[in-house]
Every structure is written in C-alpha cells, then in structure tokens.
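Data first, discussion second: the structure below is written as structure tokens.
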Amino acid sequence: MSILIAVIKSTFLHGLINIIIFPFWWYSIGVKKRFLGLINGVNNLFRNLALKLMLTHLFKPMFGERSISGRIISFFMRLLILILRFFLFLLGTTGFFVLFVLWLVLPIISLWQIIKLLF
Amino acid sequence: MNFIICPNCQEKTLLKKCPICQGREIYAWFGGYILFLDKIFNRAEIISNVLKKLLKIIVRILLILFGIWGLICLLKIVLGLPEVFAPEIIINTLNQISRLNISQEKLLLYLWFSVLTDCYLFYTLEKEQDERRKNWPKSTRKSIQIPKNWEETKRFSKKFKIDVAEAFSKNSVKVMQKSWNLARKLKHQQIQPIHVFASCLEDSDIKLVISRLGLSWKDLQNKVTRNLGKIKKTKPFKNVSYDLKTQKVLLKAYILAGEGKSISLSPLEILQSLMSFEGPVKEILYDLEINLNDIVNVCLWIKVYQELSKRAHSFVGKARFKPKGPINKAYTAIATPNLDAHGEDLTQLARSGYLGICMDREKEVKEIFRVLEGGRPGVVLVGQPGVGKTTIINGLARRMVIEDVPEIFQDKRLVSLSLASLIAGASQSGEVEQRLQIILSEVARSGNIILVIKDIHNMVGIRTTEGELDISEILASILKRRLFLVLATSIPSEYRRLIETKALGEVFQKVKIEEPDKNATIQILEAQAALIESRERVYFSYGALNQAVVLSSRYLNEQFLPDKAINLLKEVAIAVKNKKGKKSIVQSEDIAALVAEKTKIPVTKLTEKESTKLLNLEEEIHKRLIDQNEAVNMVASALRRARTELRSQKKPIVNLLFLGPTGVGKTELAKTVTEVYFGQENRMIRLDMSEYQEKGSINRLIGVPGGEKGGLLTEAVRLNPSSLLLLDEIEKAHPDILNVFLQVMDDGRLTDALGRTIDFTNLIIICTSNAGTEFIQEEIRKGTSVEMITETLVQEKLKPYFRPEFLNRFDGTIVFKPLGMEEIKQITGLLLKKLIKRLEKKGITLKTTEEAISELAEAGFDPAFGARPLKRVIQNRVSNILAKFLLTKKIGRRDTVILEKGGEIRVEKAQDL
C-alpha cells in the first residue's frame, strides 16, 4: 500500500516538474533539434534533385550529341529540367520552413488564444 | 578492469549501512566516469516499476484521447462555417458524438488546449528517448586521473557518476528481477553471479546464443540447478543484497556495452561479463567446451545479423536514387548497344538487389581507390581462386549504387565485359579485334562507364589475324590514353606468366587479394550462413562455423578461404538435412565427418570403437606379426599419441627407422600397421629406394621442374594424405634424395615440381634398412642388450651410410632381432593359417599337426635369411602338392587334408551324398 502511495507521489512530482520544464525544453533543445532537421532535410533535397549537377552541366551536351542542333536542344532541355527541379526544391524547402515556424509558434499561439478566450 | 572498493565494507557484511559508502560498496572506472550500482531489483522495485509504467500509459492515453477530441472540435468548427459543404452523414455523426451543443467559443478553447497537450505529449516522448542516451557518455575524458581510493571519489560531481542500473534494457531488468526472486526463493542471502546466469537462461536472446553454441538448454539448466543447490541457505534470513562479485559483473557489463557502442545493456553483455570472471559460471561452460572467445563471437554474430538487416534497409532506400538504365544523373552518357550486348551492368544488378554484400575488405577497396585516383587507368586484383575477388567487385558495385565512393566513381556504371561473348561467333579474321575496338570506343565516348574484365589473362594470345597485335595489346594501347578506367581480376600464376612482363603489365597496377584471416572468415561465413539456413532450413552452430574454418585451412590445401569454407557449409547443410531432417542443428562434428570423408584423414572425435582399437593395438598387431615387441610398442604409442591430438601437428605422425637382418618382419610390421590402423592394406605407399640410386632420380619423386605432373611420391601423398609411407632399403638411395626427406620428416611439407605444397603431416613414415646387419647379428650372438646395440649403431656403425642429421630426425630407431626357432614355428603356423583360409574358400579343410609344423619350421629356418626360406619351403612341400591334388581331383569339396609327420599329406575323403 505504501508503495502505491510512494509511486503516485513520485509520478505526480515528476509530472509537475515535466510541465514546468516543458516550455524551456521546447525552445532550447527542441528548437535546436528541429533546426538541424531542417538543415538536413534541405541538404538531402538538394542532393537528391541533383541541382548542383544540373547547374554545372548546363552547357554540356546531353547524350553525347555534339552537333550544333544537338547542343541547342540540350541547352533548352537542361534549362527546363533545372527550372522544374528548382521549383520542386523551393516547394520542399518551403514545406520544411513552414514546419519549423509551426514548431516555434504553435505553443505561443495556443496559449494566447486560450488566454483570450478565458478572459 | 579498474574497481575501487570501499575499504570499510571489504572485510565484513555489515548489517547497518556502511557510513563511508552508504552501501554502494564498489565503484568502477570507465573513461573518466565513475560507475556504480544502486538500484536493487527487489519486490518493491518491481511493483513500483509496474505501477509507474501503468500510470505513464494511462496519462499518455488520456492525452491522446484529448487530442482526438481536439480534432473533432476542429472538424466541427470547420464544418460549422457557412462556406463549407459536407454530406449530412458526417454532420449527423459529429452531432451524435458530441451530444452537447457546445458553443463556438468552447470548441475553440478545447481545440487550442488540445494543441497544447499534443505538443506536451510530443515533448515527453522525445525527452524520454534523450534520457536513455544520457546514460551513455558520448566521449571519454581521457585526461582525468583514476582515483586511487574511495576518498578521492568524493571529488567527482554527480554529473560524472553513472548508475548503471538506469542503462539496463527491458530484458536486462527482467533478468535482474528474476535473479532477485530466485535468491529469495532459495533463501540465499546474496545474489551471486550464478543466480544472474540462471535468470539469463530464460531470456530469448540468450536462448539463441545457447542454440548457436550447439549446447542443450536442458543440460545447462540442470548443471546450474545443481550448482545453486550447493549454496548455503542462511538463517535468519534478511533482505537479499548483491554479492560483490555480482556487482563487478554488472559494472563490467556496462563497460562492455559502452565499448561496443550499444545504447543499452542487454543480457548478451551480461553473459559476456559473466564469462570473463572466474567462478562457477565459467566452469560450467568450460566443461561444455565453451570459452570466452566463443561467447564473444556468438554475441558478435547476433549483432552482425542485426547490422546486416539495418544495412539492407538503408541500401534499398538509397538505391532508389540511382537512375535505372544506362543514363547517368548528369544526362551526359550515350547509349552503348555493343557493350550491352557483350557485357552485364553490375550497378543495375546491385540496384535491384541481385549482388551479395562484401564483408569487410576495407583495406583492399581503399587501395583500389587510391590507385585509380592516383592516375593509373587500370587495376588488376590478383589472388587465388575463391579468395573473394569477384565479391569485392560486387561490393564496389553496391557502393556505387549508394554513391559511397570517391568522385571518379560517382554517377557511373560498372559494366563487366564477357570475353566469351566477345569471341563467340566471330568467324572472319579480325572480327574479334574489331568488336573490341567498337566496344572500347563506346566506353570512351560515354564517359560514365568503368569496365570490369574478369580473368584478364585469358585475353593474352587471342588474335584472329596472323602476326598482328592480340586483343590484350589492343586494350593496353587504348588504355594508355586514359580515357576510362578498368578493373580486372587474375590469379597469381597466370598473372606472372602472361601479364606482368607484357603489354598489360605496364598499364595495370596489381592489387594483391589475400585469403582473409580467421576472424574475418568467420564473419563472412556468418553472413553466408544466413542464406544457407533460409534455403535448406537447418541451423548452424557457432562451433560448426569455427570448425569449418579450422579444418578447411588445415586439410583442404588445394582450395582457398573463404570459398572452401563456404562450400563445406553448403555441402554439410544438405548432408545434415538429409540425415537428421529439417530444423536440425549442424554441429562441428558434422563438419569434421564431411572433411574426414573428403580427405580420408580421421578428424572426427574418437568413438568408443576406435578408442578400444587404439588401446589394443599391440594385441591386434601381434595377431599377424610375431615378436619384435619394442617395435610394436613404439608404433602403437605413436599412433595413440597421434589420434588423441597430443602430437606436434607440424611433423608426420611418426618417423621410424627399422634396422635388422633380412626377412625378420620389418616390411611385415608396416603392412600390419596399415591394415590394423587404416583398415585396408592398400593405404600404404611403398617406395623401393634401390630404384633411386642416381642423382637424377629425384625428379621421379617430386616431378620434373616445369613439367605438368608431380612425381610419384608427391602425387601418392597428395591423393592419400593419411597413409603409411614405407621406404625400403633406404641406405641404397642417393644422398641427395635423403636430403629431401630431411625436410619432410622435420617440417611435414614438400614442394613438388609444380610448386604445390604437399602435406605430409598425416603420414606414418617407416624406413627400413639392412645396414649394420652383420654387427647386429654379432652382438645378438654375444648376448648384448638391444638398447646397447641400438646405441652403438646410431652413434658409430651407421655413420658410413647416413648423415647424423638424418638419423636425428627419426623418432625411433628400432633394431629387429633375428628370429629364433620358437618364432619361426609361430610364423609357420601363421603362414599355414593363410593357406587354410585359401582352401576354405574351396570348401576343403586343412589340418596341421605339431610335428609337421616343427619339420617345416626346421627346414625353413635360416638365421641369415630370416623367414623367407620358410615361405619357399611351404610352397614346395605343401602348396605344390595340394595344387596337383586339386587338378587331379584327388581332393574336392568337403574333403579334409592333414599334414603329417615326415612330409606326408593324407586325404580324408568325405562321404558321398
């Protein structure tokens, strides 16, 4: 019986401490983690879309077509692919950013709304 | 292992808490951190643990439910907006769920609250994961000095003191709880390591280890229970506490886990730690032939499996980004129809998961990268067949798929050119060369291909136009322009002969691929074992893998690791599946049996039958051979030593020199030993040294240098590595030939003319000689003891025949005594027995009388010539006459022939039926 009481006491205390530390953790360690996740995500996206490769090879002929017409067509193809992929990259990065901003903002907004509604 | 023990507690177990250490008793030191064990997993702990978990789960569920409620409120708000249309059904269900008509305000409140609690929930989950990692320091503080005694530990702040109990995995906690329960149930005051071991046996991971070690769980359980029974029960019985040894075990387990970079202390580490301390646990396992190394390797094996499946997952994920088909990410490659027709794309195969992984050839792969990055256009991997060259190339293909390669390899294809396909169907002259030219120009233009040519030595000499360059030279000249890279493989003998000194040798850089060492081979086998196990549905014990490596490296000298070990595993899996059925365990004995079958060398454990045979060897031999006890004893002892593995493995089983007059049984003993020990008389290799009297005859023994075959001796031993080598009349051989045997008798090896090393370590070598016969016969007549005679012979009398270093190599020099009358009589009896057997086959019984035997013995006895004349006498007086009788039908089936006195042979005819 005493064990049960002791356990409940410790859990309660533990829970209280958790709630108090919550905002501090959220905005220090949490932010750091999310930021690293953001950087990683963007890097991976960049690499998987092979943007750098597309940029450096912009004037290189595709499929080894070295004729004039081949080169012109290659250039426009590559430009198109680059633009499309860059667009996808922007989309992805924006998504990551939105998530990051959400992380920063969500608790504050919730708190503010709650307070507004209560008082 | 650095332990710091509280000086106060060391002597006695105090009933009150020790004032200095507060009951901690012992600290351990680990890279700048102090480890201790406070938590004791007693009943209170177990209950509070369970309750805590329960409460945590309840709270979490409540939070989740509240989150769902928040979602519902959100939905209600959204649907409440005038612009949103939704089917009636959803609105009705929503209204039903939340019967109360809640105002918009309240809904918003609930929503935002639930958002907050969702964040809180996320936070608790992440925090818990971080807490677990806190128990494992990320880096060691090397500069800090280890404290010398208990006092100094007080300087360390709490941050640097770790309670290892916090780092236990769930299973380890269960183990510790069980051991507490066990100790309490058995009324033992202290939890000893044996309690922990007993509880470990219930863990599923440990059960896996036990089955991998090929042990019987029941056996182990029984031994442990017996051991537990020996511990004294204490009265009065107070609270159970940790024994000091147990604390040491658990602290060490933490250190092992930390060094192995695990994130939790699992029962596997506890088991390893238990094995590393002296005590009943170690002894029990030692009795079952398990030592610490075995346990470490099996735990590593289990980790390897987990590692492999993790790697496989990450591989599949990353492989999706490699483009399918011949195009690279930069879109600069061209189509290569000719290359595709004559080769296969290894990167595409790897991408689809068809190529197996390459275990740990980091050094060789780095060397390949270095050479190619350094500017050389070609690398040739040189190694014996079966050593893993193709596996390394496959491993490279896999790395290229996930782009884990230096820049010159990135975004490229690895294509293997098939020489057979290149040559096939080429009918016109110059067609092969043309095909090659076209393919190489495609490769050069494409710029994203690395060519692989296996067994490149096959290219040398292929030409279809007279007097022009062969295709290897064409390749070499194109490669010199460094337009693309080539990886090739070859074997050492062919590389030396065809590549090193020719055109290709200038362009290619050699990278040597050696056999992997024992531990690496075992890892490779562990990975392969997974495949074989799933295919054949048998399980390999760790002992089987170990034995496969050990035995194949000792006895299968014509093949190379890891291939020979892998082939052994594949074969034995099928053999065991056929013999014992599916789901059985392959033990080390099964491997030994397979190797014994292949090499005819007895490597299996001694069976009862064999043990009895070995103990009674002398008796068995004397059934065929009369007298000569010293010789028989020496041979029998040597064989016993050999079979119980107490001999040096680097020499032949035994080297013996038999001296003595002719016809006394020297060769007969050799034949007898062969029949008794090997079971067949034809396991004897007999060389008559009088045929090798010239210097040049050594070529007949070991082969002609540069020739195609080995010599008589080396071939015979190679094909029959476990037999008896009899060298008759060795004093007649040329001295240079004796020098060859010097090496054989000392080192157990001989290199034949083809450069192969023949293994002589499973032979019994017996040399016979007639040297010094007169001296022996003199001394016997004088009555000198056999030891004296042997001594003098070795020291003086044999000097003109043999060099001292040759005589020294023999394990025993045995002088055969000349035969006396008694012995001759016995030999006569034996020879007649043979005759009796032969007649038995014809249905005729031969009986002998004592007098007949004595007469024959006397007639056949000649001290100078030993027992040979006896054979002639029997032949003349008995066999010839019997032959005549048989031909004239004087004796037929069921008749009896009796040898009587005076040379008479009487026939008793059987009754007519």
| request: Identify all residues within the range B:245-283 that are within 13 Å of B:His195 (Cα to Cα) and either crowded, with 23+ Cβ neighbours inside 10 Å or not charged (D, E, K, R) (or both); write none if there are none. | output: B:Thr246, B:Gln247, B:Val249, B:Leu250, B:Ile270, B:Leu271, B:Leu274, B:Gly279, B:Pro280, B:Val281
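For (1) under 24 Å from the mean Cα position of the chain (by Cα); (2) under 30 Å from B:Pro193 (Cβ atoms), each residue gets a yes or a no:
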| site | (1), (2) |
| --- | --- |
| B:Asn297 | yes, yes |
| B:Leu308 | yes, no |
| B:Arg311 | no, no |
| B:Gly317 | no, no |
| B:Asn338 | no, no |
| B:His342 | no, no |
| B:Ile368 | no, no |
| B:Glu373 | no, no |
| B:Arg376 | no, no |
| request: Return yes or no: is A:Val98 loosely packed, with under 15 Cβ neighbours inside 10 Å, under 19 Å from the mean Cα position of the chain (by Cα) and either at the interface with another protein chain (Cβ under 7 Å from one of its Cβ atoms) or modelled with pLDDT of 90 or more (or both)? | output: yes
| task | Kindly indicate whether B:Ile64 is at pLDDT 85 or above, under 25 Å from A:His14 (Cβ atoms), surrounded by 12 or more Cβ atoms within 10 Å (Cβ to Cβ) and more than 14 Å from chain A (Cβ to nearest Cβ). | result | yes
| request: Give, as residue ranges, the helices (runs of 4 or more DSSP H) completely inside the range B:257-341 that count at least 1 residues that are within 25 Å of B:Ala529 (Cα to Cα) and within 14 Å of chain A (Cβ to nearest Cβ). | output: B:292-319
| message | When you check A:Arg71 against the structure, is it away from chain B (no Cβ under 12 Å), farther than 30 Å from B:Asp404 by Cα and among the basic types (Lys, Arg), yes or no? | response | yes
| For B:Thr332, are the conditions met, namely being among the β-branched types (Val, Ile, Thr) and either touching a helix residue (DSSP H, G or I) at 6+ places or on another chain (Cβ under 6 Å) or closer than 26 Å to B:Lys510 by Cα (or both)? | no
| message | Restricting to the range B:118-148, give me the number of residues that are of a type in the set (D, E, K, R) and part of a helix (DSSP H, G or I). | response | 9
| field | Top-ranked residue of the range B:500-535 - restricted to ones that are without any contact (Cβ under 8 Å) to a residue 24 or more places away in the chain and farther than 27 Å from B:Ala573 by Cβ, ranked as surrounded by the fewest Cβ atoms within 10 Å (Cβ to Cβ) | value | B:Thr501
| remark: Expected single match for farther than 28 Å from B:Arg643 by Cβ, crowded, with 20+ Cβ neighbours inside 10 Å and hydrophobic (A, V, I, L, M, F, W, C) among B:Leu726, B:Leu738 is B:Leu738
| task | Mind listing just one residue for me: the one in the range A:48-65 that is over 24 Å from the mean Cα position of the chain (by Cα) and facing chain B (nearest Cβ under 10 Å) and, of those, surrounded by the fewest Cβ atoms within 10 Å (Cβ to Cβ)? | result | A:Thr56
| Residue selected from the range B:206-244 under the condition among the β-branched types (Val, Ile, Thr) and surrounded by fewer than 16 Cβ atoms within 10 Å (Cβ to Cβ), by the criterion nearest to B:Phe168 (Cα to Cα) | B:Thr225
| the range B:494-551, residues that are aliphatic (A, V, I, L, M), assigned to a helix (DSSP H, G or I) and more than 30 Å from B:Ser211 (Cβ to Cβ) | B:Leu498, B:Ile499, B:Ala503, B:Leu504, B:Val507
| Which residues, counting only those in the range B:527-546, are closer than 21 Å to B:Asp360 by Cα and either in contact with a His (Cβ under 8 Å, 6 or more places away or on another chain) or not aliphatic (A, V, I, L, M) (or both)? | B:Gln528, B:Tyr542, B:Asn546
| Taking the stated definitions as given, is A:Thr93 more than 30 Å from B:Gln104 (Cα to Cα) and more than 20 Å from the chain's Cα centre (by Cα)? | no
| If you go through the range B:454-464 one residue at a time, do you hit one that is without any contact (Cβ under 8 Å) to a residue 24 or more places away in the chain and at positive phi? | no
| Restricting attention to the range B:784-816, which residues are of a type outside the set (Val, Ile, Thr), in contact with a Gly (Cβ under 7 Å, 6 or more places away or on another chain) and within 21 Å of B:Val654 (Cβ to Cβ)? | B:Leu793, B:Leu798, B:Phe816
| query | Within the range B:664-700, which residues are surrounded by 20 or more Cβ atoms within 10 Å (Cβ to Cβ) and part of a loop (DSSP other than H, G, I, E, B)? | reply | B:Val664, B:Gly665, B:Tyr692
| field | the range B:123-148 - residue that is at the interface with another protein chain (Cβ under 9 Å from one of its Cβ atoms) and within 22 Å of B:Leu62 (Cβ to Cβ) and, of those, surrounded by the most Cβ atoms within 10 Å (Cβ to Cβ) | value | B:Tyr123
| field | Selection within the range B:153-178 - of a type in the set (Phe, Trp, Tyr) and either modelled with pLDDT under 85 or exposed (fewer than 14 other Cβ atoms within 10 Å of the Cβ) (or both) | value | B:Phe156, B:Phe160
| Which members of the range B:678-707 meet the condition of being among the charged types (D, E, K, R) and more than 20 Å from B:Arg749 (Cα to Cα)? | B:Glu681, B:Asp688, B:Glu691, B:Glu694, B:Lys695
| message | On the basis of being within 54 Å of the chain's Cα centre (by Cα), of a type outside the set (Asp, Glu) and buried (at least 19 other Cβ atoms within 10 Å of the Cβ), does B:Ile844 make the cut? | response | no
| said: Take the residues in the range B:600-613 that are at pLDDT below 85 and assigned to a helix (DSSP H, G or I); name whichever of them is farthest from B:Leu719 (Cα to Cα). | reply: B:Glu608
| Quick one: in the range A:22-47, which of the residues that are surrounded by 15 or more Cβ atoms within 10 Å (Cβ to Cβ) and within 11 Å of another protein chain (Cβ to nearest Cβ) is farthest from A:Thr94 (Cα to Cα)? | A:Phe22
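The values are calculated or read from the model by the stated rules, or taken from the named source; none is laboratory data. Since we're looking at a predicted model, the values are computed, not measured. Ideal geometry is used to build each Cβ from the backbone, glycine not excepted, and the neighbour counts take in all protein chains shown.
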